[in-house]
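The structure appears right after this line, and notes come after that.
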């Protein structure tokens, strides 16, 4: 059976190979000529595969032709994927997919016909809840989404998907009314009434349409003013003003919500005890009749009347001028310090500003009431000027009003011109030692008006000196000393002029500038002191002349002492005279300036006094001997004269000067020796 089938194989092979005649051979050759992506047609031509095309058309025979992909998605292709879908070209074909932000409802992501399109929008805000950061809000859009900031927020420039708060209050993006205050919140703001304001009727308190009006705290009783003050309503607030006749307590400023005041009382001012004067009694009776109403107008009138009463008393002092000097000074001291105290007290009731008062007799009062915002204060009057810094008037941190006052009393020289002068311990000791016995008795001239300077606080020790410029009509002479002095009460109340804490900075013909570290009653005095300055030419003449004199005296003494032939009573007298003059000149040249030790200086001064007195005494004896010798020319009388002179010349020549020096040293020892010589 098997063999029978095998015998049929050659016949089958012939049948299979029969069609592969000339036609089969042509197809095989055609396929070899066609480019890729094409197929052979009838063994003679090539056709591009579906999705490809050649430049020669659908069928071509050129062996160099190629089949290129057809872009079905590009124009003018009739391919339509439908709504929300995109065409994607492939090699030899294409497909459709849903556009970004869309997805197919059928679950098939790739299709080729519009009828197969099931694309719909994807809600990214639901699928990705945190796609927008922070406080930004996700808004779904057709095929996409956006991140938006809620009102009151804006995108962060560094992160466009994140929102930050907008401060409407500082950026000016709020329509708040001027009567409200803007409060910023995260994403919003509110317009609330300012402190001391309230919403007008019908207006809310918070929204941007809020409108407010001032609250009258004074009439509504919502203030916290002290009982010593009066409430004064202001726009949006209130202030507390001192009542009439009241002044702020020390360290407290007026017209503040925390102001506390105390009542202004007229300072106690009575006549000095033990002084009997009708003029003085009349003055104090008038003072007691002054009004005690301390309103601004009343205080101004009180100061005017006070100045005029003082002017009348000084212009016509009456029996006050007939009192003893000590009682006059006691009364004047009371008047000066009492008037200063009263002016300081009542000026606290004056309104802020500068005030000037004057009387018919020339008394001037200048007052400055101000807050601590000015650096320098200057008060100028007719013959006086005062300059000080604000730090002198006010303590640091004290913001209340302060008073600076200057009082000039030109008629006061009637009582104080002859008052004693006490020099400061630091005053040049030349004047103090040289004129120690004259300071209490020497008359001095008051060059300027007597002034009184005062401020609100204590004036014993000021941090910065106060400068005064005094005008005067008398020009100080070259041998006169000018002093800046103040009036010191003294223990007995009569007072005296003193220089402590005051000094002269400059003096001209018609003015003197002083500085003081305290405030009181001041003036400029001119004392008649002769202060001779060192003259270099006179010093040279003195030393050269005395040196020559010493040489001559030494030669004369040696001649009288060593020449036996000429020795007699006359030469003995001349010898003692030469010795005294020699020792006096020698001591003057070597020790006149030895002032370091006061005791040694006094001894040198006493020795000079004695030697020069002895020289004058020996000169007297020489003259007496010459007179007697010329009158009695007989030998007997001449011999008796010689015997008398020999016995009397030494006791007289050295004894009489010693007695005189002893009496002088015992009566006024301080006159021997000065700090200069």
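Residues in region 211-244 that are closer than 27 Å to residue 350 by Cα and part of a loop (DSSP other than H, G, I, E, B): 223, 224, 225, 226, 227, 228, 235, 243, 244. Note on region 261-273: residues that are more than 30 Å from residue 328 (Cα to Cα) and surrounded by 18 or more Cβ atoms within 10 Å (Cβ to Cβ) total 2. Filter region 101-116 for residues that are farther than 23 Å from residue 128 by Cβ and touching a strand residue (DSSP E or B) at 6+ places or on another chain (Cβ under 7 Å); which is modelled with the lowest pLDDT? Out of the qualifying residues, it is 112. Does residue 347 satisfy the criteria of being in contact with a strand residue (DSSP E or B) (Cβ under 9 Å, 6 or more places away or on another chain) and assigned by TED's automatic domain parsing to the domain that holds residue 523? Yes, satisfied.
Only residues that are without any contact (Cβ under 8 Å) to a residue 40 or more places away in the chain, assigned to a loop (DSSP other than H, G, I, E, B) and either under 15 Å from residue 152 (Cα atoms) or in contact with a helix residue (DSSP H, G or I) (Cβ under 7 Å, 6 or more places away or on another chain) (or both): list them for region 187-210, please. Of everything in region 187-210, those that are without any contact (Cβ under 8 Å) to a residue 40 or more places away in the chain, assigned to a loop (DSSP other than H, G, I, E, B) and either under 15 Å from residue 152 (Cα atoms) or in contact with a helix residue (DSSP H, G or I) (Cβ under 7 Å, 6 or more places away or on another chain) (or both) turn out to be 207, 208.
Selection of region 245-274 for residues being outside any strand (DSSP E or B), under 19 Å from residue 294 (Cα atoms) and out of contact with any helix residue (DSSP H, G or I) (no Cβ under 8 Å at 6 or more places or on another chain) yields 249, 250, 253, 254, 255, 259, 260, 268. Among the residues making up region 470-481, those that are crowded, with 19+ Cβ neighbours inside 10 Å and assigned to a strand (DSSP E or B) are 470, 481. Among the residues of region 281-294, are any under 24 Å from residue 522 (Cα atoms) and assigned to a loop (DSSP other than H, G, I, E, B)? There is no residue in region 281-294 that is under 24 Å from residue 522 (Cα atoms) and assigned to a loop (DSSP other than H, G, I, E, B). Annotation note: Cβ proximity below 9 Å between a residue of region 455-472 that is on the phi > 0 side of the Ramachandran plot and assigned by TED's automatic domain parsing to the domain that holds residue 377 and a residue that is outside any loop (DSSP other than H, G, I, E, B) and at pLDDT below 90 (sequence gap 6+ or interchain) occurs for no pair.
When you check residue 332 against the structure, is it outside the structural domain of residue 242 (by TED's automatic domain parsing) and either in contact with a strand residue (DSSP E or B) (Cβ under 7 Å, 6 or more places away or on another chain) or closer than 13 Å to residue 303 by Cβ (or both), yes or no?
Values: outside the structural domain of residue 242 (by TED's automatic domain parsing): yes; either in contact with a strand residue (DSSP E or B) (Cβ under 7 Å, 6 or more places away or on another chain) or closer than 13 Å to residue 303 by Cβ (or both): no.
When the stated conditions are applied, residue 332 does not pass them.
Of all strands (runs of 3 or more DSSP E) completely enclosed by region 347-465, which ones contain at least 3 residues that are modelled with pLDDT of 80 or more? Lay out the reasoning, then the answer.
On the way: elements: 353-358, 364-370, 376-380, 384-389, 402-409, 444-446, 450-455.
Passing ranges, in order: 353-358, 364-370, 376-380, 384-389, 402-409, 450-455.
The values are calculated or read from the model by the stated rules, or taken from the named source; none is laboratory data. Bear in mind that the values here come from a model prediction, so they are computed numbers and not experimental data. Every residue, glycine among them, receives a Cβ derived from its backbone with ideal geometry; neighbour counts consider all protein chains shown.
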